[in-house]
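Here's the structure we're looking at; comments come further down.
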Amino acid sequence: MSDAEPGDTPIEIEDIGSNPAPRRPIGALIAERLSRRALLGAAGAAALAPARPAAAQDSGNTPDGGPSSLGFPELRHQLAPRDAVAAGHAIQVVIRWGDPILADAPEHDPRQQSAAAQARQFGYNNDYLDFFPLPAGARSADHGLLVVNHEYTNTNLMFPGLGSGREMRARTTAEHGAIERAAMGLSVVELRREDGAWRYRRDSRWNRRITAETPMRLSGPAAGHARLRTAEDPTGRQVRGTLNNCAGGNTPWGTVLTCEENFNYYFGGEAAESGAQAAAYRRYGILKEPVYGWRRFEPRFDLDQTPNEPNRFGWVVEFDPYDPASVPVKRTALGRFKHEGCTHAVSADGRVAFYSGDDERFDYLYKFVTARAWTPGDPAANRDLLDEGVLHVARFEADGTLRWLRLVQGEGPLTPENGFHAQGDVVIEARRAADLLGATPMDRPEDVETNRRSGRVYVMLTNNGSRKSGQVDAANPRPANLHGHVLEIIPPGAGTGQVDHAATEARWGLFLVAGRPGIDPGAQYHRATSDQGWLSCPDNCTFDRNGRIWIATDGAPEAAGVADGLYAADTTGAGRALTRLFYQAPVGAEVCGPCFTPDERTLFLAIQHPGEGAGSHFEAPTTRWPDFREDAPPRPSVIAITRQDGAPIG
């Protein structure tokens, strides 16, 4: 993928496949001796009421009948310049790339951009969303802070006159790069619902931009490590900015966790192939020629000048959304990899587990468990809770057992003989440590969320077209898995008030296997799933108060020829895994960050990279969503979906 051009074709640098030798867990060996049907049966038996293969494509899934508890009329699959939502619902664009969010910010002018202006305006390619009620500690559903990640930029869609393809890279300047870095990171904006519409307050004291230039602190076992020191920061404890913020999460004590995913887009140099850290760079997908050309203008992105700078990215970053002056902290105890998200679940003993997927083909699922219980109402006691605890990586056994393996220096192979002299070495090279422990290589583990109603945990596995038949295992049951699947983890005590998310063993099963029933081998849903209800490439998810799952997709146009969208399904009962299509994105866009307000009368969605695709560029995009002005490019935006009758969604 070294020839990828930002914004020219969809950037999937996670598909480099940087795990050079994915281990074949026991499930792969068993798979050689069993038919795939038997293997799927063994995995499905691990879950209560497992999903059944689809037997028909005609939908019995209507609003007034059938086994689903969902009441909305299902959309039809489409590929169109505009988005669509189920009948009876309305879409409002809340905020768009470039909208001014600080009091002194200028109005957005896509033909006259500057880094100074962009650092005061809403960023690009919004992803993770979260809603924090105002005032702090309230349950307000009409007034709050919207927190938004900004993952990456589509250079060719942002700037006029660059075109697309290889020529675009040669035309980009230092100023283009500075604007892109200002467009990444996060935005925090105050929102209020008035007369049924959401409006953001431009001059709010809570509004904030966090960018690739914002000063941050490093904490935990890697802070001060020699491999995190640079000439700019000889202490290894201060870092400038955050990059490629994909999904995220929050904490029980009210802070945000934003996740650095594909940081390898930005670093390059001869050292990627011949330097002292070349093997470590390779394991994280860092190439001689990066996707973005910033290294031509910024020494910190040039490995030959600043070899340790990449080690300062790939972390989970914590900050307080209610305090615009708070300094974000990179919590290194949670490990360094391509964090898609980091979502919490409180265990029965008060300790907090944080689940993360490493979004790469053949990489792993992780869990961090705090050393101490959290203390409600005592911010000081929780301030550094994420600096002490145990990082684990998952091994899925074919008998339905999940084992959480401890990534602790001195245990097993994580010894000085293997280059792990301290816990800082383990977390900096978390991927290599997980390799040595024999973790299960997964089909791009992305979002991981807990269903608060049941205590079960759901893992979005987006796809893996590179898995060969000899690499199939129980948890990744298909070769050439173009459409992905969803796993369900059942911790001890799930379904009771005493769920043990800190346990080192759990049960697991398949919730659904994506693709079109009857067309794509191995697709598994409820038997009543309609020809409009199947999905491809699950990415993010959330749950409503009834425990129903809402799944957002990324990659369906390429994999299945339909737009990305949002699907919902029951997780228990007669309608379990009967997915229904609720929303579809405009052409080129993915759907990210599904987030309900506390009253579930609004569903926020992040619509990322509208118009992305081969040959699309500023002057001739595939869509001009959401403004549809001939003089305006497409603009990544946050939308709010409400029911027209004002009732809760779903």
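The values are calculated or read from the model by the stated rules, or taken from the named source; none is laboratory data. As the structure is a computational prediction, the values presented were derived from the model and not from experiment. Cβ: placed from backbone, ideal geometry, glycine included. Neighbour counts: every protein chain shown. What goes into the accessible areas is simple: the full protein's heavy atoms, side chains included, and nothing from ligands, DNA or RNA. Shrake-Rupley method; radii C 1.70, N 1.55, O 1.52, S 1.80 Å.
Does the range 462-617 come out rounded, prolate or oblate by the C-alpha gyration tensor, with a ≥ b ≥ c the root eigenvalues, rounded set by a/c under 1.5 and, if not, prolate when a/b is larger than b/c and oblate if not? Taking the square roots of the gyration eigenvalues as a ≥ b ≥ c, the range 462-617 is oblate. Per residue, the accessible area of the chain comes to 33 Å² when a 1.4 Å probe rolls over the protein heavy atoms. For the range 344-360, backbone phi angles converted through the Karplus equation (6.51, -1.76, 1.60; θ = phi - 60°) give residue-by-residue couplings of 9, 8, 7, 7, 4, 8, x, 5, 10, 9, 10, 9, 9, x, 9, 6, 8 Hz, Gly and Pro being listed as x.
Here the range 109-162 has 50 percent of its accessible surface on carbon and sulfur atoms, given a 1.4 Å probe and all protein chains in place.
Label-to-label distance for L79 and A116 is 4.4 nm, based on points extended 7 Å past Cα in the beta-carbon direction.
The Cα center of the range 397-460 and the Cα center of the range 190-230 differ in position by 28 Å. Each 5 Å bin from 0 upward holds the following percent of the Cα-Cα pairs of the range 343-473: 2, 10, 17, 20, 20, 16, 10, 4, 1, 1, 0.
Modelled spin-label separation between R171 and S274, with each label point placed 7 Å from Cα along the Cα-to-Cβ direction: 3.4 nm. Inter-part distance, the range 64-87 to the range 107-163, computed on C-alpha centroids, equals 28 Å.
Counted residue by residue at 0.36 nm each, then reduced by the alpha carbon distance between them, the extension gain from V408 to R527 reaches 38.4 nm. Sorted largest first by accessible area at a 1.4 angstrom probe radius, with every protein chain in place, the residues E298, E151, E167 fall in the order E167, E298, E151.
The 3J(HN,Hα) values that the Karplus relation (6.51, -1.76, 1.60; θ = phi - 60°) gives for the range 248-254 are, in residue order, x, x, 9, 10, x, 8, x Hz. Gly and Pro appear as x. Of the solvent-accessible surface of the range 187-245, computed with a 1.4 Å probe and all protein chains present, 47% belongs to carbon and sulfur.
Compared with the alpha-carbon gap, the fully stretched path from D203 to T415 is longer by 71.0 nm at 0.36 nm per residue. What you get for the range 443-514, charging only the Cβ of Lys and Arg (+1) and of Asp and Glu (-1), is a dipole of about 180 debye around the Cα centre.
Packing, as the average of other Cβ atoms within 10 Å across residues, places the peptides 375-384, 136-145, 332-341 in the order 332-341, 136-145, 375-384, highest first.
Magnitude of the charge dipole for the chain, about its Cα centre and with charges confined to Cβ atoms of Lys, Arg (+1) and Asp, Glu (-1), is about 1020 debye.
Computed from the C-alpha gyration tensor, the three semi-axes of the ellipsoid equivalent to the range 295-404 are 28, 23, 10 Å, from longest to shortest. Summing Cβ point charges (Lys, Arg +1; Asp, Glu -1) relative to the Cα centre of the range 243-370 gives a dipole of roughly 200 debye. For the range 140-161, no residue has its backbone nitrogen under 13 Å from a point 7 Å from the Cα of D109, taken along Cα to Cβ. Scaled to the globular estimate 2.2 N^0.38 Å, the Cα spread of the chain, given as radius of gyration, is 0.89.
Highest mean first, the peptides 387-399, 559-571 sorted by other C-beta atoms within 10 Å per residue fall in the order 559-571, 387-399.
Which of rounded, prolate, oblate describes the range 58-139, given a ≥ b ≥ c as roots of the alpha-carbon gyration tensor eigenvalues and a/c under 1.5 marking rounded, otherwise prolate only if a/b is larger than b/c? Taking the square roots of the gyration eigenvalues as a ≥ b ≥ c, the range 58-139 is oblate.
Taking every protein chain into account, the 1.4 Å probe leaves T415 with about 30 Å² of accessible area, to the nearest ten.
Residue by residue, the range 620-631 carries 3J(HN,Hα) couplings of 9, x, 6, 8, 10, 4, x, 7, 6, 9, 5, 9 Hz when phi is fed to the Karplus relation 6.51 cos²θ - 1.76 cosθ + 1.60 (θ = phi - 60°); x denotes Gly or Pro.
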